[in-house]
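Visitor: Please see the structure below; I have some questions.
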Amino acid sequence: MIGSRNSKAKKREERKQVTAFEYANSAGFAVVTVNADGGGLRINADPNTVTISNTNFTNNIAQEDGGAIKTLGGSVTVTGGTITGNTERRHGGAIFGDQDTAGTGRSFTISGATLRGNIANSDNADGGDGGAIFRDRGVLNISNCIIGGTGSGEANTATNGGGVAHAFTVDSAAGNTSNQTTVTINGGSISGNTASGDGGGVYFNAQTFDINASTLNIGATTPTPISGNSTGATGNGGGVSVVDANAAISGSTISGNTAGNG
């Protein structure tokens, strides 16, 4: 009988903890972690599906990847909400995603969200790409998202790819057949972001490990204006920088971007 009462109390406490976590995120409160990835939320869900709707992630801090969210595997969908003021020391000021199993159809999809004022490589030490979103391997779909802006504090910043970036990281084993990445961006806007290196708005680099399997598509179904982004003095591609990859940009306007080196 005593064991039964303790078990029920424990379950009630677990329910309370989950409810508090969900409320904090839906209200846009900061959820801070140290010495970890995914300052607000870390997802390791393969082969499951995770859906996040109308949730605000604000002022979260990660010591490595994914200032707000880090996802490994699974099919993750984020719809709506604002993701602002998040920081981390490596890749993905707001979001970091990776899929280490080829051909599984796993993906990260984000739509109708606003991502502003996020910072990758916050300590300016080892380099960090993707001020708003970074994708290592797998599929990334971005639709109708506002990434950056020209107002005070709205720019996302990184070493490469102030807005969005893909590169194979040191964690991706050379020769691994999972080194395949597809990034698709439709609608929304990418503006006012900054990179100290290359790709003020978008950086897509498949140079390491697999130069044939990775593809960048922008504006295939809905135009995506890319404007007012910039790089540092030696940077290339104020709007978009593509290195050793397949790329298609359709129906979109790329204007008013600045690159220090062309």
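Visitor: Considering only strands (runs of 3 or more DSSP E) fully contained in segment 55-115, which possess at least 2 residues that are touching a strand residue (DSSP E or B) at 6+ places or on another chain (Cβ under 7 Å), of a type outside the set (V, I, T) and open to solvent by less than 20 Å² (accessible area, probe 1.4 Å)?
Guide: 95-98
Visitor: Give the number of residues within segment 247-262 that are within 17 Å of N186 (Cβ to Cβ) and either open to solvent by less than 70 Å² (accessible area, probe 1.4 Å) or in a loop (DSSP other than H, G, I, E, B) (or both).
Guide: 6
Visitor: Only one of these conditions is not met by N141: (1) under 12 Å from the mean Cα position of the chain (by Cα); (2) buried (at least 24 other Cβ atoms within 10 Å of the Cβ). Which number is it?
Guide: Checking N141 against (1) under 12 Å from the mean Cα position of the chain (by Cα); (2) buried (at least 24 other Cβ atoms within 10 Å of the Cβ), the one that fails is (2).
Visitor: In segment 29-45, how many residues are at pLDDT 50 or above, of a type in the set (V, I, T) and part of a loop (DSSP other than H, G, I, E, B)?
Guide: Residues in segment 29-45 being at pLDDT 50 or above, of a type in the set (V, I, T) and part of a loop (DSSP other than H, G, I, E, B): 0 in total.
The values are calculated or read from the model by the stated rules, or taken from the named source; none is laboratory data. Note that the structure is a prediction, hence the values are computed from the model and not measured. Ideal geometry is used to build each Cβ from the backbone, glycine not excepted, and the neighbour counts take in all protein chains shown. With ligands, DNA and RNA removed, areas are computed over all heavy atoms of the protein, side chains included. Shrake-Rupley method; radii C 1.70, N 1.55, O 1.52, S 1.80 Å.
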